[in-house]
Amino acid sequence: MEQETNQTNTDSFVRQVIQQYRTKLLDLTNRNPLINFRHSERSRSHIRIVDAIPEKLFTKLINGDQLSFEALPDPEFIPNDEKTPAFNSLLRQARSGDQSYNNAIAELGPNPSHRQRQKVERLLRNRIREKLGLSNFQPSWDPAKRARELCLNPDYELPKDNGQIAQSHGNLKIRTLYFSEELDRKLGKLRNDARVLEKDAGFNALFCAFGFLEYFKSDASEERRFAPLVFIPITLARVLVEQRYSYFIESRNEDVEINFALGELLKEMSINLPPWEENEEDENPLSTYFDCVERTIADQRDWKLRRHITIGLFTFSTLAMYKDLDPQCWPAGVELEQQPVIRSLIAGAGTDDLQYAEDYEIDALQETEPLLITDADSSQHSAVIDALRGKSSYVIQGPPGTGKSQTITNIIAAALDEGLSVLFVAEKMAALDVVKKRLDAAGLDAFCLELHSSKTSKTKVAETLEQRLAYQPPDAEEHLLESNGNALLEAKEGLLYYVNRVNDNAGDTGLKVYDVLLGSAIREKLKNKLPDPLVEARLDDPLGISPHNLIQMLDAATTLETQMQSLAKFGKLHKNPWRGIQNIEITELDEARLLDSFSKWNDSIKILL
């Protein structure tokens, strides 16, 4: 009874913690741009669209059209009164003789922008106008004013389709309130940030948002909030045209998304955000959805649907996890709080069973050896065995370059060979790519489906599934398989024989065979420094030399080396005064007799000389 109570309490605790984590994944505060989006002309994370009909632009993207950005043409720089021969003559003289102009040009540096040169040029032209009695002229760089000069609507509140499509709305252009240089900077930064997110985190964060809900948190609140409503996943690319980049967007052919975070917030206010419903018979789904939203908010004070279009970075990565952690998404019998790994992570687990993994004897396994497609040492091979044996809680640790991704590759391949399915998850896209490339190199690409990369659009997934269905394994010739298998077994037996022999004892020496071989290899280079007789010298019964005998031999060699140092003072052996002496049994008792004999010899030699 007590055990059941503890089990129930643990289940309740785990469910509560999971719900706390789930709530943190869905940020419903003002910090979340999906709840409170702040438009800014200076922001490099989004760009706003003007002079467009949202429904028409939405349809073009859904149909797969490629839409290119069009910058505002620069304002007229030269008025008509500066196009006269007299003005141009003075201008040519001033460009060469006006010191202020030349100094200003020099200060711009070697690579000034077109806008910078125009500003300096404008100052020079205005000085000439002053001499001629003309008023100063300054081109207007106000984007909204310039748009109106070009008969474009600069308002961000976009019109409804009235059935009369203007020529500008029928082409594949996207218009903004930016001149070319600023538009290039914004789109370049937006493209780079989107690519970095996709490369590092593996998800697309670039969307085209249609419609914004202007709302208040409560009836008493005076703070206006803006939240995007409908999203189309897009790609932003560029091509080089006449030494300038031309940017364009197109749909990723993925599902249309609505603002799930906004929907959860509105639920707390007893308002249900309409779901997006796919209806092939509806020729204008965006207009239908906008109408549903307007009917939903009709009773709310000062709430409005703004017909804005914004292209920018919107992060939905945590929303998928939020949905996955919904208890209603889990079938009966496999409740999330009952999962052993999650349970141990949240409620804790005993540490008595924690230990270092066993390294199995590779060549003495009782079961079938696992399939390996890359090299593996004994510990890596043991990790693959543990995975196939169903161990669900173990950690592979190691610094960079120690073969962790290599081991994961082997685990996946071995599991596939056993007919298992594998889900490989990593925080960084780079980790996924490393393993995927190894699997591709081993010919297992046909068994891999990428779920979290740039290849996860509906079209890409459908193409991948089609390739899997059409996959045919390569033809295998039975006699070659048998021949290769026998050759591998023969090579393995030869390697095992060598391994066993080098680990044998080397006679009575106290060494292993590999110690002797290693020592021989290390001293191989010393042969060139030793005389040939010494190199060719061999000991009788070297394997019978015990460690004690070896110590005695080393001591004798040391004594001999010490004695040789005294003999070396005379140089070569024939110069040594003791050469030719044969009696080595002379004692101290013979010393006086020897000295007397030497003295007589010395006297006789003197007489002889």
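Under the combined filter of DSSP loop state and at most 12 neighbouring Cβ atoms within 10 Å, the range 236-309 retains these trypsin sites (Lys or Arg not before Pro): R301.
Calculate, in nm to one decimal, what Q467 and E264 gain on full extension: separation in residues at 0.36 nm each, minus their alpha carbon distance. Present the calculation step by step, with values, prior to reporting the outcome.
Values: separation 203, 0.36 × 203 = 73.08 nm, distance 3.91 nm.
Gain in length upon complete extension: 69.2 nm.
For a straight C-alpha distance cut-off of 24 angstrom, the lysines reachable from K173 (same-chain residues fewer than eight places away being disregarded) are K56, K60, K145, K160, K186, K189. Ranking A487, N279, A332 by Cα position along the charge dipole of the chain, where only Lys, Arg, Asp and Glu carry charges on their C-beta atoms, puts N279 farthest toward the positive end. Which one, P228, G188, N204, is farthest towards the positive end of the dipole of the range 129-248 when Lys and Arg carry +1 and Asp and Glu -1 on their Cβ? Farthest towards the positive end: G188. In this Cβ point-charge picture (+1 for Lys and Arg, -1 for Asp and Glu), the range 270-316 has a dipole of about 500 debye about its Cα centre. When only the Cβ of Lys, Arg, Asp and Glu is charged (+1, +1, -1, -1), the dipole of the chain relative to its Cα centre reaches about 4500 debye. Applying the Karplus relation 6.51 cos²θ - 1.76 cosθ + 1.60 with θ = phi - 60° to the range 53-60 yields 3J(HN,Hα) values of 9, x, 4, 5, 5, 4, 5, 4 Hz, where x marks Gly and Pro.
Helix 458-469 and the long axis of the chain differ in direction by around 50°, with both axes built from C-alpha atoms.
Using a cut-off of 14 Å between beta-carbons, work out the net charge of the residues near S43 (Lys and Arg +1, Asp and Glu -1, S43 not included). Display every interim value, and only then the final one.
Values: positive: R38, R42, R44, R48, R185, K186, K189; negative: E41, E182, D193.
Counting the neighbours of S43, the net charge comes to +4.
Helix 85-97 and the longest principal axis of the Cα set of the chain meet at an angle near 30°. Straight Cα distances below 23 angstrom link K83 to the lysines K119, K131, with same-chain residues fewer than 8 positions distant left out. Of the trypsin sites (Lys or Arg not before Pro) in the range 15-77, the ones in a loop by DSSP (not H, G, I, E or B) with at most 15 other beta carbons within 10 Å are R31, R38, R42.
At a 1.4 Å probe radius, carbon and sulfur cover how many percent of the accessible area of the range 509-565?
Numbers: 3140 of 5050 Å².
Whole-percent figure for carbon plus sulfur exposure: 62.
A cut-off of 5 Å between modelled amide H atoms, ignoring neighbours fewer than 5 places along the same chain, links K512 with A506.
Against the chain, whose longest principal axis comes from its Cα atoms, helix 429-441 is set at around 60 degrees. For the chain, the solvent-accessible area of protein heavy atoms averages 67 Å² per residue (probe radius 1.4 Å; ligands and nucleic acids excluded). Along the range 180-189 the Karplus relation, 6.51 cos²θ - 1.76 cosθ + 1.60 evaluated at θ = phi - 60°, assigns HN-Hα couplings of 4, 5, 5, 5, 4, 5, 5, 5, x, 5 Hz to successive residues, with x for each Gly and Pro. Each residue of the range 397-414 is assigned a 3J(HN,Hα), and the resulting list reads 10, x, x, x, x, 9, x, 5, 5, 5, 5, 4, 4, 5, 5, 5, 5, 5 Hz, derived from the Karplus form 6.51 cos²θ - 1.76 cosθ + 1.60 (θ = phi - 60°), x at Gly and Pro. Around the Cα centre of the range 355-430, unit charges on the Cβ atoms of Lys, Arg, Asp and Glu (plus for the first two, minus for the last two) sum to a dipole of about 440 debye. Note on the range 380-451: with neighbouring protein chains present and a 1.4 Å probe, carbon and sulfur make up 55 percent of its accessible heavy-atom surface.
Roughly how many Å is it from the Cα centre of the range 414-447 to that of the range 539-597, as a whole number? Value for the Cα centre distance between the two parts: 72 Å. Choose one of L432, N171, M564: the residue whose Cα lies farthest towards the positive end of the charge dipole of the chain (beta-carbon charges +1 Lys, Arg; -1 Asp, Glu; about the Cα centre). Most positive-ward Cα: N171. Annotation for the range 406-497: GluC sites (Glu not before Pro) lying in DSSP loop with at most 12 further Cβ atoms inside 10 Å of their Cβ are E418, E427, E477. Here the Kirkwood formula puts the hydrodynamic radius of the range 322-432 at 16.4 Å, using every distinct Cα pair.
Can you give me the % of accessible surface on the range 198-334 that is carbon or sulfur? Probe 1.4 Å, all protein chains present, nothing else counted.
Numbers: 3290 of 7200 Å².
C and S fraction of accessible area: 46 percent.
Prolate is the label for the range 43-88. Its Cα gyration tensor axes, ordered a ≥ b ≥ c, give a/c of at least 1.5 and a/b above b/c. DSSP beta bridges confined to the chain are antiparallel in about 90 percent of cases.
Using only helices, what value at 222 nm comes out for the chain when you add -39,500 (n - 2.57) per DSSP H run of length 4 or more and divide by the total residues, to the nearest 500 deg cm²/dmol? Could the numbers behind the result be given before it?
Values: 21 runs with 272 residues, N = 609.
For the chain, the value works out to -14000 deg cm²/dmol.
The values are calculated or read from the model by the stated rules, or taken from the named source; none is laboratory data. Bear in mind the structure is a predicted one, so any value in this text is a computation, not a measurement. Note: ideal-geometry Cβ built from the backbone for every residue, glycine included; neighbour counts use all protein chains shown. Please note that ligands, DNA and RNA were not included when accessible areas were found on the heavy atoms of the full protein model with its side chains. Shrake-Rupley method; radii C 1.70, N 1.55, O 1.52, S 1.80 Å.
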